[in-house]
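Encoded as structure tokens, the structure appears first; notes follow it.
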Amino acid sequence: MQEKRLGIIAGGGQFPELIAIEAKKQGYYVAICGFVNNTNENLKDFCDEFQILALGQLNKLINFYKYNNIHEICFAGSINKPKALDIRPDLRAAKLIFSLKTKGDDVLLRAIIGEFEKEGFTAISASHFLPDLKAPQGVLTKNSVPLEIEENIHYGFPIAKSMGSYDIGQCLVVKNKMVIAVECLEGTDATLKRAYELAGTGCIAIKVVKPNQDERIDLPSIGLKTIENLIAYKYAGLAIEANKTLFFDREKAIALANKHKLHIIAV
């Protein structure tokens with residue numbers, strides 16, 4: 001029987017560690033490659049082989065997994081997008097970037113997966129290892145959702161989906177059936193703060209999967225930090241896409257949301 005060998009392309013946050021732990025439980029040999037200023041180097045304690053590269057070193061990245069005889073690869077964790085503007089691509093990455101008509105997250109990640117597939121790797125979703133991280137459908141907090149919040153979610157959800165079709169971002173903030181902020185390069189946390197500075201208390205955040213997104217990569221995610229920020233910025237609610245959004249530290253996050261009467265709905 002062929003040994004199961006997994007390569008994790010790791011960004012920041014706890015996701016790469018959780019995937020590595022679960023994969024090891026399932027008998028995988030695990031090789032992790034992370035990136036300078038993004039990946040926690042303590043990940044080396046949870047895998048068989050570990051390497052840190054600068055963003056843009058695509059050929060070295062592929063060769064690391066080839067050297068370790070990896071069969072399957074997955075993407076896990078976040079990349080600091082403003083810092084990613086300073087990447088110094090190698091020749092292979094430069095050719096790939098130059099060939100793309102647009103440089104949105106989904107387009108770029110699909111192209112990178114394509115390079116791995118050309119080399120014989122199989123790309124799988126990191127959520128395959130931890131399916132329970134995906135938020136179930138319904139009201140996740142204990143209090144009934146006010147009609148005003150429901151109406152704002154119904155207003156904002158299709159707009160968020162439309163925004164995603166342009167490969168811009170996954171998060172939208174609304175209030176009084178008006179769009180307050182759209183996530184761009186700065187990421188979700190900065191978008192939440194900007195909306196609060198613009199519109200004050202009572203905003204509703206909406207986070208969705210982009211239409212036609214390759215769900216092996218870049219699924220929307222929230223966690224305890226997200227909820228702490230929503231509370232700090234006095235949000236009224238958060239709507240996420242059910243069965244697609246990764247919800248880290250769910251029990252603690254929902255308990256905190258209940259304490260502060262923040263409504264969380266998985267649509």
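Given (i) 0.95; (ii) 1.04; (iii) 1.23 as candidate values of Cα Rg over 2.2 N^0.38 Å, which corresponds to the one derived from the coordinates?
Here the calculated entry is (ii).
Choose one of L147, G120, I52: the residue whose Cα lies farthest towards the positive end of the charge dipole of the chain (beta-carbon charges +1 Lys, Arg; -1 Asp, Glu; about the Cα centre).
Ranked along the dipole, the leading option is L147.
Kirkwood hydrodynamic radius for the stretch 123-196: how many Å is it when counted over pairs of different Cα atoms? Write out the running numbers ahead of the final one.
Working: mean 1/r = 0.0697 Å⁻¹.
Kirkwood hydrodynamic radius for the stretch 123-196: 14.3 Å.
Could you put C203, C184 in order of accessible surface area, largest first, with the 1.4 Å probe and the full protein assembly present?
On the way: C203 0, C184 65 Å².
Reading off the accessible areas and sorting them downward yields C184, C203.
Could you state, as a whole-number percent, how many of the C-alpha pairs of the stretch 43-197 are farther apart than 18 Å? The partial results should precede the final answer.
Values: 8462 of 11935 pairs.
Considering the stretch 43-197, 71 percent of its Cα-Cα pairs are separated by more than 18 Å.
Which of F129, F98, F247 moves most in a GNM of the chain, Cα contacts under 10 Å?
Answer for the Gaussian network model of the chain: F98.
Radius of gyration and Dmax for the stretch 1-135's Cα atoms, expressed in Å?
In Å, with Rg to one decimal and Dmax whole: 14.3, 44.
Have a look at V174, V208, V139 and tell me which one the Gaussian network model of the chain (Cα, springs below 10 Å) gives the largest fluctuation.
V139
Taking the Cα centre of the stretch 96-183 as the origin, how large is its charge dipole in debye, to the nearest 20, when only Lys and Arg (+1) and Asp and Glu (-1) carry charge on their Cβ atoms? Please report the intermediate quantities before stating the final value.
On the way: 9 positive and 11 negative charges, 31 e Å.
Value, rounded to 20: 140 debye.
Using Cα atoms only, what is the angle between the long axis of helix 188-199 and the major principal axis of the chain, expressed in degrees (0 to 90) to the nearest 10?
Orientation of helix 188-199: about 20 degrees from the principal axis.
Could you quote the convex hull projected area for the stretch 195-235, Cα atoms only and averaged over all directions, in nm²?
Details: hull surface 14.3 nm².
Convex hull of Cα atoms, orientation-averaged projection: 3.6 nm².
Would you work out the charge dipole size for the stretch 133-179 about its Cα centre, treating the Cβ of every Lys and Arg as +1 and the Cβ of every Asp and Glu as -1, and quote it to the nearest 20 debye?
Details: 5 positive and 4 negative charges, 23 e Å.
Computed charge dipole of the stretch 133-179: roughly 120 debye.
Work from the charge dipole of the chain (Cβ charges, +1 for Lys and Arg, -1 for Asp and Glu, about the Cα centre) and give the residue of L91, V208, F35 farthest towards its positive end.
About the Cα centre, the residue reaching furthest to the positive side is V208.
Please work out the Kirkwood hydrodynamic radius for the stretch 115-267, using every pair of different C-alpha atoms, and report it in angstroms with one decimal place.
Working: mean 1/r = 0.0635 Å⁻¹.
Kirkwood radius, the stretch 115-267: 15.7 Å.
Whole-Hz ³J(HN,Hα) for each residue in the stretch 121-133, computed from phi via Karplus 6.51 cos²θ - 1.76 cosθ + 1.60 with θ = phi - 60°, x for glycine and proline: what do you get?
7, 10, 8, 10, 6, 4, 5, 4, 7, 9, x, 6, 5
Just the accessible area per residue of the chain, please: how many Å² with a 1.4 Å probe?
Values: 13080 Å² over 267 residues.
Each residue of the chain exposes 49 Å² on average to a 1.4 Å probe.
Report, by chain and number, residues whose modeled amide H sits under 5 Å from the one on G223, excluding near sequence neighbours (fewer than 5 apart, same chain).
Under 5 Å from the amide H of G223 lie the amide H atoms of F248, each far enough along the sequence or on another chain.
Tell me, what ³J(HN,Hα) does each residue in the stretch 163-180 have, in order and in whole Hz, if you take phi through Karplus 6.51 cos²θ - 1.76 cosθ + 1.60 with θ = phi - 60° and put x for Gly and Pro?
With the stated coefficients, the stretch 163-180 comes to 4, x, 5, 8, 6, 9, x, 10, 10, 9, 10, 10, 7, 6, 6, 10, 7, 9 Hz.
Indicate, rounded to the nearest 5 percent, the antiparallel portion of the DSSP beta bridges found entirely in the stretch 67-205. Walk me through the numbers on the way to the answer.
Working: 6 of 8 bridges.
About 75 percent, rounded to the nearest 5.
Under 5 Å between amide H atoms, partner at least 5 residues away or on a different chain: which partners does I73 have, H built in plane at 1.01 Å?
G7, T122, A123, I124
Could you run the Karplus curve 6.51 cos²θ - 1.76 cosθ + 1.60 with θ = phi - 60° over the stretch 224-230 and give me ³J(HN,Hα) per residue in whole Hz, x for Gly and Pro?
4, 4, 4, 5, 4, 5, 4
Around T245, which amide H atoms from residues at least 5 apart in sequence, or from another chain, sit under 5 Å from its own amide H, with H modelled in the peptide plane?
HN-HN under 5 Å from T245: A135.
Given +1 on the Cβ of Lys and Arg, -1 on the Cβ of Asp and Glu, and no further charges, what dipole in debye does the chain carry about its Cα centre, rounded to the nearest 20? All intermediate terms of the calculation are to be shown ahead of the outcome.
Numbers: 33 positive and 31 negative charges, 65 e Å.
Computed about the Cα centre, the dipole is about 320 debye.
Counting only other residues whose beta carbon sits under 12 Å from that of A20, what net charge do I get with K and R as +1, D and E as -1? Don't skip to the answer; put the middle values down first.
On the way: positive: K24, K25, K44; negative: E17, E22, D45, D48, E49.
Computed value for this residue: -2.
Report in % the part of the accessible area of the stretch 112-222 that belongs to carbon and sulfur, leaving out ligands and nucleic acids; probe 1.4 Å. Show your work: numbers first, answer last.
Working: 2690 of 5120 Å².
That fraction is 53 percent.
If I build a Gaussian network model for the chain, linking alpha-carbon pairs within less than 10 angstrom, which residue out of N42, N176, N243 has the largest mean-square fluctuation?
Result for the chain, Cα springs under 10 Å: N42 fluctuates most.
The stretch 179-267: D in µm²/s via Stokes-Einstein (Kirkwood Rh, Cα pairs, 25 °C, 0.890 mPa s)?
The calculation lands on 184 µm²/s.
The values are calculated or read from the model by the stated rules, or taken from the named source; none is laboratory data. Keep in mind the model is a prediction, meaning the values are calculated, not measured. Using ideal geometry, Cβ is built from the backbone for each residue, glycine included, and neighbour counts are taken over all protein chains shown. When the accessible area is computed, the model is the full protein with side chains, heavy atoms only, and any ligands, DNA or RNA have been set aside. Shrake-Rupley method; radii C 1.70, N 1.55, O 1.52, S 1.80 Å.
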